[in-house]
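What follows is a set of notes on a single structure, which appears directly below.
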Amino acid sequence: MPMRDLSAGPRVLLKRLRELMAEPLEPQERLDRIVSQIASNMVAEVCSVYVLRSDGVLELYATEGLNKGAVHLAQLKMGQGLVGTIAASAQPLNLSDAQAHPAFRYLPETGEEIYHSFLGVPILRAGRTLGVLVVQNKAQRNYREDEVEAMETTAMVIAEMIATGELKKITQPGLELDLTRSITIEADGYNEGIGLGHVVLHEPRIVVTNLLNDDAEKEIIRLAEAIGSLRLSIDDMLSRREVAQEGEHREVLETYRMFAHDQGWVRRMEEAIRNGLTAEAAVEKVQSDTKARMMRLTDPYLRERMHDFDDLANRLLRQLTGFSGRAFDEGFPTDAVIFARAMGAAELLDYPRANIRGLVLEDGAVTSHVVIVARAMGIPVIGQAAGIVALAENRDPVIIDGDDGQVHLRPVADMVKAYEEKVRLRARRQEQFRALRDVDSVTKDGQRISLMMNAGLMVDLPQLVESGADGIGLFRTELQFMIASTMPKLEEQEAFYRNVLRQTAGRPVTFRTLDIGGDKVVSYFRAQEEENPALGWRAIRLALDRPGLLRTQLRALLRASAGSELKMMLPMVTEVAEIHAVRDLMQKEVQHLSKFGHSLPRKLQFGAMLEVPALLWQLDELMTEVDFVSVGSNDLFQFSMAVDRGNARVSDRFDILGKPFLRILRDIVRAAERNRTPLTLCGEMAGKPLSAMALIALGFRSVSMTPTAIGPVKAMLLGLDAGQLAAELNAMLDDTRSNASVREMLVSFAAGHNIPI
Ligand code: PEP
Ligand code: MG
């Protein structure tokens with residue numbers, strides 16, 4: 001059969017290479033023998049390997065035919081000469097008269113002037129160029145297509161040698177290979193903190209170790225079967241109800257289907273098998289070639305399609321290798337920094353929490369669920385780190401800086417040292433805060449301040465004891481809904497709340513009823529597209545229109561707190577009438593439960609969040625209606641100043657410590673005092689020592705914040721004379737003629753009184 005004849009050469013070569021790889025040889029010797037094998041097999045006078053260094057130079061690592069004295073001396077920059085052009089373009093060059101090519105560059109030390117024909121292929125791994133493999137002949141000739149294929153296949157074997165680190169041993173002192181190059185990527189910090197550790201790729205790259213086949217026909221059948229089931233699985237996904245309509249998800253799957261039926265793709269893989277590769281190695285080879293080509297595209301739409309193609313090839317690899325699960329089933333790093341293109345919140349919770357030092361996402365937004373969960377777990381998070389996954393390998397050392405939004409992949413020693421110092425400093429500060437855990441939170445002038453924490457998931461709860469919080473001032477119940485794939489049932493909700501109450505062991509917990517809608521998306525609860533979701537059908541509005549949903553939650557809360565105290569509050573209240581409506585529903589639930597003999601909570605505390613400015617003109621009605629009020633400063637500020645809290649362009653435009661907002665807060669404190677209504681505040685401003693200081697001066701005696709902020713806020717208030725600051729602050733707020741900055745006054749007050757902020 002002609003196919004067999006054509007592939008006989010490459011197959012013999014690959015067999016020899018397999019034997020060479022298995023022999024206990026020093027790396028230089030192995031490489032020398034490899035090039036000599038290739039040269040004789042391809043009937044070429046020259047075969048050379050150039051390896052890309054971290055300084056962008058391609059260095060001659062081995063040669064058969066050129067001057068041996070040039071090994072480790074002959075160099076070309078990326079883009080320079082024929083070899084540099086191949087590396088930069090990640091494309092082969094097949095020339096019958098190399099010297100006539102405009103990019104040809106003569107390296108005198110090699111003695112290559114007598115060779116005319118030239119075939120060079122990139123050495124690729126996961127789409128990255130690691131070097132170049134070249135053969136040359138004196139006579140002018142064109143290398144056949146199957147010879148190009150054979151060279152590309154051989155280059156995979158050398159890529160493996162580079163990736164396993166074998167060539168490091170013969171790298172000149174002080175130089176590094178490109179694969180180990182240190183890279184810094186500027187991205188967005190989504191959660192503060194420093195993470196030092198080792199990369200764990202969330203979508204693990206399948207490492208194909210079985211490169212060479214014994215029977216090409218058998219491998220072609222394996223490939224055909226795998227493609228068949230891949231196509232079926234895509235059709236199956238497309239016919240599922242949730243993607244049956246139009247939408248982004250469907251579009252992605254349609255693209256998958258298109259790729260999966262692409263004859264060109266299949267043909268290239270079959271060719272690679274005929275040249276001696278196993279089915280999985282053939283998939284990997286074509287994936288790497290395609291990726292290398294597509295990586296250079298600048299069109300964001302096409303780049304996105306590259307991800308789709310990559311996903312598809314990975315699916316096929318999984319089919320063929322039977323690979324499921326993580327690459328780290330045994331020996332998961334104790335200092336894992338997880339790299340993902342995108343990730344669901346539940347997937348993050350699957351990792352062993354104690355081993356995670358950080359999370360890096362190529363996509364993601366500050367408000368995405370996985371980020372909310374990561375923040376709750378106290379993990380530093382980086383988002384919008386474009387292209388980082390392709391640059392990283394499992395177990396690469398990495399440092400992430402959630403404060404500055406930087407990722408340092410394979411950092412140099414000095415960088416590691418600087419960060420170790422930064423981490424030590426942070427740890428010392430944390431230690432100081434921990435030492436304050438059991439210290440009473442009382443200001444210098446004797447005001448007791450209740451410091452509560454915000455929570456929403458079981459993973460948050462251990463922080464209650466660790467932070468020394470007095471209780472949970474805001475339990476965001478929607479998070480349980482957001483990370484679930486289907487609507488949690490009554491029993492699941494009840495079990496969850498019961499668990500929360502058990503773990504908080506008597507410390508108060510304020511459950512907020514569902515605050516979905518707006519930016520809090522629950523995938524299985526599809527609301528209509530809204531032009532202004534923050535002002536739309538959300539929170540209590542949605543709950544009152546879907547009383548079944550709210551009643552289920554109320555029932556779950558009542559049942560979970562049987563015999564103890566239930567403290568709950570409503571989000572996004574606009575009119576006092578809405579509170580009446582929920583009270584009515586609550587009453588019905590209480591009656592229902594008593595009718596069926598359930599025991600009820602010992603005490604019920606019913607509160608409202610103050611987030612909508614309209615309530616500012618109903619303060620007295622509100623305060624008399626409820627048992628307590630909690631200011632949601634994130635939303636109250638957003639609505640008062642008309643700035644979208646999720647839009648970075650405007651969210652910091654106005655100062656939360658400016659006069660207008662502080663006056664609003666002061667009015668609320670006065671109304672609460674007048675009505676003797678317990679008052680707290682649970683937005684982000686409670687967790688920043690400077691703004692928390694202002695809140696205490698305004699008269700807040702209870703605040704709720706992210707647990708890591710409790711230490712810093714307590715350190716601040718221990719040094720604060722609340723009465724003295726209140727006098728200064730009130731004077732400023734009363735002064736209608738001065739434009740002086742309240743923030744500056746607060747900063748200088750803190751500095752003048754040695755208050756840590
Ligand atoms: C707020 O709006 O301040 C608040 C605490 O609620 P959330 O951030 O969940 O909207
Ligand atoms: Mg809110």
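The values are calculated or read from the model by the stated rules, or taken from the named source; none is laboratory data. The shown structure was predicted, so the numbers you read here are calculated from the model rather than taken from an experiment. All Cβ positions, even for glycine, are placed from backbone atoms using ideal geometry, and neighbour counts span all protein chains on display. When the accessible area is computed, the model is the full protein with side chains, heavy atoms only, and any ligands, DNA or RNA have been set aside. Shrake-Rupley method; radii C 1.70, N 1.55, O 1.52, S 1.80 Å.
Structure values in brief
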read-out	value
Single condition TRP537 does not satisfy, out of (1) open to solvent by 20 Å² or more (accessible area, probe 1.4 Å); (2) of a type in the set (A, V, I, L, M, F, W, C); (3) away from ligand 2 (no atom under 16 Å from the Cβ); (4) at pLDDT 80 or above	(3)
Condition check for LYS168: of a type in the set (D, E, K, R) and in contact (Cβ under 8 Å) with a residue 60 or more places away in the chain	no
Verdict on LEU359 being at pLDDT 80 or above and assigned by TED's automatic domain parsing to the domain that holds THR278	no
Which listed residue, of ARG434, ARG395, ARG424, ARG448, is at positive phi and open to solvent by 20 Å² or more (accessible area, probe 1.4 Å)	ARG395
Condition check for GLY683: modelled with pLDDT under 95, surrounded by 24 or more Cβ atoms within 10 Å (Cβ to Cβ), within 14 Å of ligand 2 (Cβ to nearest atom) and not assigned by TED's automatic domain parsing to the domain that holds ARG375	yes
Looking only at the range 625-666, and only at residues there that are more than 16 Å from ligand 2 (Cβ to nearest atom), assigned to a helix (DSSP H, G or I) and without any contact (Cβ under 8 Å) to a residue 60 or more places away in the chain, the one that is most open to solvent (accessible area, probe 1.4 Å)	ARG649
Restricting the range 598-619 to residues that are more than 16 Å from ligand 1 (Cβ to nearest atom) and more than 20 Å from TYR497 (Cβ to Cβ), the residue that is surrounded by the fewest Cβ atoms within 10 Å (Cβ to Cβ)	TRP617
Those residues of the range 540-578 which are of a type in the set (A, V, I, L, M) and either outside any helix (DSSP H, G or I) or within 16 Å of ligand 2 (Cβ to nearest atom) (or both), in sequence order	ILE540, LEU542, ALA543, ALA562, LEU566, MET568, MET569, LEU570, MET572, VAL573
Test for LEU544: is it away from ligand 1 (no atom under 16 Å from the Cβ) and either crowded, with 18+ Cβ neighbours inside 10 Å or closer than 23 Å to MET458 by Cβ (or both)	no
LEU622 vs. criteria modelled with pLDDT of 95 or more, near ligand 2 (Cβ under 10 Å from one of its atoms) and open to solvent by less than 20 Å² (accessible area, probe 1.4 Å)	no
Residue within the range 741-754 that is of a type in the set (Val, Ile, Thr), modelled with pLDDT of 95 or more and open to solvent by 10 Å² or more (accessible area, probe 1.4 Å) present	yes
Entirely in the range 1-104, the helices (runs of 4 or more DSSP H) that have 2 or more residues that are acidic (Asp, Glu)	2-22, 27-41
Matching helices (runs of 4 or more DSSP H) fully within the range 411-525 where at least 1 residues are away from ligand 1 (no atom under 16 Å from the Cβ) and in contact (Cβ under 8 Å) with a residue 60 or more places away in the chain	413-435, 462-467, 490-504
Of all residues making up the range 597-619, the number that are more than 16 Å from ligand 2 (Cβ to nearest atom) and part of a loop (DSSP other than H, G, I, E, B)	7
The range 570-583 residues that are open to solvent by 30 Å² or more (accessible area, probe 1.4 Å), paired with ones that are away from ligand 2 (no atom under 13 Å from the Cβ) and modelled with pLDDT under 95 (beta carbon under 6 Å, 6 or more apart)	ALA581/LEU544
Tabulated pairs, the range 219-241, first under 17 Å from LEU317 (Cβ atoms), second at pLDDT below 90 and exposed (fewer than 13 other Cβ atoms within 10 Å of the Cβ), C-beta under 8 angstrom, 6+ apart or interchain	ARG231/HIS261
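Yes/no per residue for (1) acidic (Asp, Glu); (2) in a helix (DSSP H, G or I); (3) modelled with pLDDT of 85 or more:
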{"position": "GLU284", "(1), (2), (3)": "yes, yes, yes"}
{"position": "LYS291", "(1), (2), (3)": "no, yes, no"}
{"position": "ARG305", "(1), (2), (3)": "no, yes, no"}
{"position": "ASP308", "(1), (2), (3)": "yes, yes, no"}
{"position": "ASP311", "(1), (2), (3)": "yes, yes, no"}
{"position": "LEU316", "(1), (2), (3)": "no, yes, yes"}
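A quick yes/no check of all residues on (1) open to solvent by less than 10 Å² (accessible area, probe 1.4 Å); (2) in contact (Cβ under 8 Å) with a residue 12 or more places away in the chain; (3) under 20 Å from ASP178 (Cβ atoms):
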residue	(1), (2), (3)
LEU13	yes, yes, no
ARG18	no, yes, no
GLU29	no, no, no
ARG33	no, yes, no
ALA44	no, yes, no
ALA62	yes, yes, yes
LYS68	no, no, no
